[in-house]
1. Any idea what the relative contact order of the chain is, in percent, if you count C-alpha pairs under 8 Å spaced at least 6 apart?
2. Which whole-number percent of Cα pairs in the chain have a distance greater than 36 Å?
3. Any chance you could give the angle, 0 to 90 degrees and rounded to 10, that helix 165-182 forms with the longest Cα principal axis of the chain?
4. Helix 135-147 versus the longest principal axis of the chain: what angle, 0 to 90°, nearest 10, using Cα atoms?
5. With the Cα gyration tensor of segment 1-99 giving a ≥ b ≥ c as the square roots of its eigenvalues, does the rule (a/c under 1.5 for rounded; else a/b larger than b/c for prolate; else oblate) give rounded, prolate or oblate?
6. Can you give the calculated 222 nm mean residue ellipticity of the chain, where each DSSP H run of n ≥ 4 adds -39,500 (n - 2.57) and the sum is split over every residue, rounded to the nearest 500 deg cm²/dmol?
7. Tell me, what is the percent relative contact order of segment 236-341, built from C-alpha pairs under 8 Å that lie six or more residues apart?
8. For segment 190-313, compute Rh as the Kirkwood radius over C-alpha pairs and then the Stokes-Einstein diffusion coefficient at 4 °C and 1.567 mPa s; write the answer in µm²/s, rounded to an integer.
Ligand SMILES: Nc1ncnc2c1ncn2[C@@H]1O[C@H](COP(=O)(O)OP(=O)(O)OP(=O)(O)O)[C@@H](O)[C@H]1O
Ligand SMILES: [Mg+2]
């Protein structure tokens, strides 16, 4: 079901201190979509999920699920499944019993559990206890347990962060398929940029309890509202420039950008926008400082002179040699932000 969070603020108390950790957060998630809240550690992600689930009550604002207000309801009546940050399986219950935990004792209970075991590829582990599972299997059980009662919304708190890179991709795909299969609306929180960009249909960036930007992953990566968000979403070259309103004069030459007030700007250029031409005379001259090869391509660190450096991402080609001279061109439009006097 559709989730609408409006003007949500939340507080934590520690001793005499009452601190606001969420500040007027607004999120709109269409039914069946996969939303991700991306934010650094301590930005308020877990708090947000706990408020939506009804486990943290020191909050104000409204939460609607399928159009109905749920913020006054006790957790068990909200129709929400939560996969907590630590998975939190019951250690004395088997995989099957863990999944059955939230289901009412009806005839259909066995069938529903079997369907969840199949959906998440857990049939072989049905009779094991949590300590007999790998990290990835345990995470899948936690997701199966949350999905078993067919919730209107499932909340996932960094469900893949404890898994190694290879397993993470596999479990992620399994969970995404399970959610799509059941048509469940999902809200995941993570501090992992790649995860957020690859999983979500809608992405929200949270910092210090406030939303910086919301939109599709593509929108946020290609049109970040500010330098912080742009850097947080991926590798970025940040350069000083002077703009005439739509073209900035920068160490990488004149770069076209969205309309801004003319004057000093900070320009954000993604490394994959840089094109390197080893032999060429045309383009901005640079020197290769170092390279980082990753098989399908690599990152080239460039020296542009006057202590300006830049990173270029190149694909499937031999790495240029450190020390070699190279010409640099920039593909496509870049982002420019008016330079503030306070910027270092
Ligand atoms: N029980 C609590 N009492 C007091 N302050 C808390 C409590 N839980 C969290 N906080 C504070 O609230 C802020 C947000 O915490 P939260 O756990 O929501 O962040 P997070 O984004 O989930 O971080 P992480 O990525 O590390 O899990 C932090 O500054 C944290 O110190
Ligand atoms: Mg957290």
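1. It rounds to 15 percent for the chain.
2. Here the long-distance tail beyond 36 Å is 35 percent of all Cα pairs in the chain.
3. It works out to around 60 degrees.
4. 60
5. The shape class here is oblate.
6. The per-residue figure over the chain is -6500 deg cm²/dmol.
7. Computed value for segment 236-341: 33 percent relative contact order.
8. Reported coefficient: 80 µm²/s.
Computed from the coordinates by the stated procedures, all read-outs in this text should not be read as laboratory data. Quick caveat: nothing in here was measured; it's all calculated off a predicted structure. Cβ sites come from the backbone with ideal geometry, for glycine too, and all protein chains shown count toward neighbours.
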